[in-house]
2 protein chains.
Amino acid sequence: MKQNSHEDAYALLRQSGHRATEGRARILEVLVKEQKPMTVPEIIKKLGHAGLNEATLYRALEALASSLVIRRVDLQKGNARHYEFVLKHHHHVVCLKCGVIEPFSNELCGRIAERAIKKSKLFKKASDHSLEVFGVCVRCLNKNHV
Amino acid sequence: MKQNSHEDAYALLRQSGHRATEGRARILEVLVKEQKPMTVPEIIKKLGHAGLNEATLYRALEALASSLVIRRVDLQKGNARHYEFVLKHHHHVVCLKCGVIEPFSNELCGRIAERAIKKSKLFKKASDHSLEVFGVCVRCLNKNHV
DNA sequence: GTGCTATTGCAAGTAAGTTGCGTTTGTAAT
DNA sequence: ATTACAAACGCAACTTACTTGCAATAGCAC
């Protein structure tokens, strides 16, 4: 299975109601392989020479995100949106200096989100939640001591 | 005290190691009054006619955020950064359709963040965390049924 | 194959945020 | 009070992220 991520990507696209196109398959392959939140400029770099058109990429990512194939993540890292392929729901610790990301999981978090919705008057159901923890990583701390 | 938010703003600026300037005081007054995450364009509107220069605003907000007078919040709402004056740490439920925001508090969340840091190899201390819950508000749900 | 429509590329445009630089203005020291 | 220095400011030009309209292409159902 791991042998042919291309076929996997095609299948994933069809399952989620999209057309299985070369372009979207390649986007998915990048996100699946990198396993971290990426911006459009970053994805373009990974796609390399024969990259997709910029506009197409933005549209594809929005489409994939709204059908929950990928997830849009907002980190305090630059100005660009990040998109991530998610196998298992998780969160991130982000370094405010260098932007390095470390993922972590926590079961409670979903319940906190549920409770917030229950108490809410404006909302009935949560579709997603994000918990991001910010700090300065050990490496950057050391840099500052110099 | 509430009578003169201008003086309060000046004091707050000095306490946090900034110069007490007219401009930054007015920014703070807007954020304190509105009590919600705001983008630069939104702040400009509130400042009105004799608003500050755009570049100045961006620089001021970054300065205030990095000295923790205000907080940078990332919501899945448009492309712009949001800044918020925070009296008591809290989180948000955000409508993915119309962007309406409802705040909530939860004590556990801070502990989850602490635990994530403790388990981490890259980080020793968290400086902040954010939990945002996403959904579609009741009003927008009703619109879709029509 | 045929036809429909999702998807794509191109090109032009908008909006958010940044940077360099010269000027102004708090503030602390005199 | 005066001075001196750095923080804060305004202006203008610039970069980057993202959007939009439209015509061309290509999946997919029949």
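The values are calculated or read from the model by the stated rules, or taken from the named source; none is laboratory data. These figures come from a predicted structure and were not determined experimentally. Because the Cβ atoms are built from the backbone with ideal geometry, glycine has one as well, and the counts that use them run over all protein chains shown. In case anyone asks, the SASA skips ligands and DNA or RNA and just uses the protein heavy atoms, side chains included. Shrake-Rupley method; radii C 1.70, N 1.55, O 1.52, S 1.80 Å.
At a glance:
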{"read-out": "Largest to smallest principal axis extent of the C-alpha atoms in the protein assembly as shown, angstrom", "value": "66, 60, 38"}
{"read-out": "Average beta carbon contacts from partner chains per residue of A:101-108, 10 Å cutoff", "value": "4"}
{"read-out": "Mean Cα-pair separation over length for region B:89-146, i.e. relative contact order, pairs under 8 Å, 6 or more apart, %", "value": "42 percent"}
{"read-out": "Surface accessible to a 1.4 Å probe, A:Thr21 within the full protein complex, Å²", "value": "60 Å²"}
{"read-out": "Charged-residue dipole, Cβ positions (Lys, Arg, Asp, Glu), chain B about Cα centre, Debye nearest 20", "value": "460 debye"}
{"read-out": "Nm distances between copies for A:Arg139, ranked from closest, using label points 7 Å along Cα→Cβ", "value": "4.6"}
{"read-out": "Whole-number D in µm²/s for region A:1-87 (Stokes-Einstein; Kirkwood sum over Cα pairs; 4 °C, 1.567 mPa s)", "value": "100 µm²/s"}
{"read-out": "Calculated [θ] (222 nm, deg cm²/dmol) that DSSP helices of n ≥ 4 give over chain B, each run adding -39,500 (n - 2.57)", "value": "-13500 deg cm²/dmol"}
{"read-out": "Kirkwood-based Rg to Rh ratio, region B:89-142, C-alpha trace", "value": "1.14"}
{"read-out": "B:Val40 accessible area, 1.4 Å probe, all protein chains in place, Å² to nearest 10", "value": "10 Å²"}
{"read-out": "Residue of chain B whose Cβ sits closest to the axis mapping B onto A, with distance in whole Å", "value": "B:Asp74, 2"}
{"read-out": "Cross-link pairs A:Lys88/B:Lys88; B:Lys77/B:Lys121; A:Lys121/B:Lys125; B:Lys46/B:Lys77; A:Lys36/A:Lys118; A:Lys118/B:Lys121 - those with Cα-Cα distance over 25 Å", "value": "A:Lys88/B:Lys88; B:Lys77/B:Lys121; A:Lys121/B:Lys125; A:Lys36/A:Lys118; A:Lys118/B:Lys121"}
{"read-out": "Volume in Å³ per residue [convex hull over Cα atoms, computed for chain B]", "value": "165 Å³"}
{"read-out": "Inter-copy spacing of B:Gly51 label points, which lie 7 Å from Cα along Cα→Cβ, given in nm from shortest upward", "value": "3.2"}
{"read-out": "Cβ-vector label at 7 Å, B:Glu34, separations to other copies in nm", "value": "3.1"}
